[in-house]
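Data first, discussion second: the structure below is written as structure tokens.
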Amino acid sequence: MKRPSVVIDSSVACAWHIPHEKHPVVDDILSEIENGRILGLAPKLWVFEIHNVLQKQMRKFRHADDRIDDALDALMDATIDLRSYLPPLTQSDRTQTVVASWVEIDIEEVKSVSSRVLVLVRKYPKISFYDAVYLDLAKQVEAELACLDGNLAKAAKEERVPLRIPDSVYDEWCRQKEAFEKRFHAEQGKWTA
């Protein structure tokens with residue numbers, strides 16, 4: 001029996017390690033990946049995006065750098081299948097390959113993915129290009145999408161991509177996150193509209 005695939009948006013991966021963004025349903029997704037019940041997928045940009053988000057969030061809320069490093073190490077050890085999600089090209093099909101340190105980028109693949117993603121970005125102007133990459137991956141491999149981004153979830157529904165996180169959990173997560181941020185800003189003596 002083939003295990004179900006779930007595309008893991010960076011918002012979910014970061015919520016596994018940002019204390020005020022944790023939620024049992026989100027944590028269950030990580031447990032299911034670690035236990036092999038589901039296959040966690042992400043585009044290659046996931047690695048860079050989670051580094052960026054974790055750095056910003058952890059510093060914004062004054063978490064120690066060692067907590068950032070621990071979270072990044074844990075995410076790099078997670079069994080997420082990072083992929084180029086187009087069928088592999090034969091060497092004769094490759095028109096140009098750029099090698100930059102440890103990342104190999106196939107220009108033809110980038111062009112193909114970019115054209116599909118641009119269609120999604122133009123159709124759903126409230127999602128970023130990066131978000132559209134996750135949505136495209138879920139569509140291409142016929143997987144569920146796990147995200148904590150309302151605009152991305154709405155676009156996924158319109159594209160008939162099943163969501164792993166129910167609306168009720170997303171709404172609860174947003175309220176929890178907002179309450180934490182208000183408390184944090186109030187304790188810092190900042191304006192909390």
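Among the criteria (1) within 12 Å of ALA146 (Cβ to Cβ); (2) without any contact (Cβ under 8 Å) to a residue 24 or more places away in the chain, the one GLN55 does not fulfil is (1). For segment 136-155, check the following and say yes or no: at least one residue is closer than 25 Å to ASP81 by Cβ, modelled with pLDDT of 95 or more and among the β-branched types (Val, Ile, Thr). The answer is no; no qualifying residue exists. Could you tell me whether SER115 is at pLDDT 80 or above, exposed (fewer than 15 other Cβ atoms within 10 Å of the Cβ) and of a type in the set (Gly, Ala, Ser)? Considered against the rule, which asks whether it is at pLDDT 80 or above, exposed (fewer than 15 other Cβ atoms within 10 Å of the Cβ) and of a type in the set (Gly, Ala, Ser), SER115 comes out as yes.
The values are calculated or read from the model by the stated rules, or taken from the named source; none is laboratory data. Everything quoted here is computed from the prediction, not taken from an experiment. As a convention, Cβ positions derive from the backbone with ideal geometry for all residues, glycine included, and neighbour counts pool all protein chains shown.
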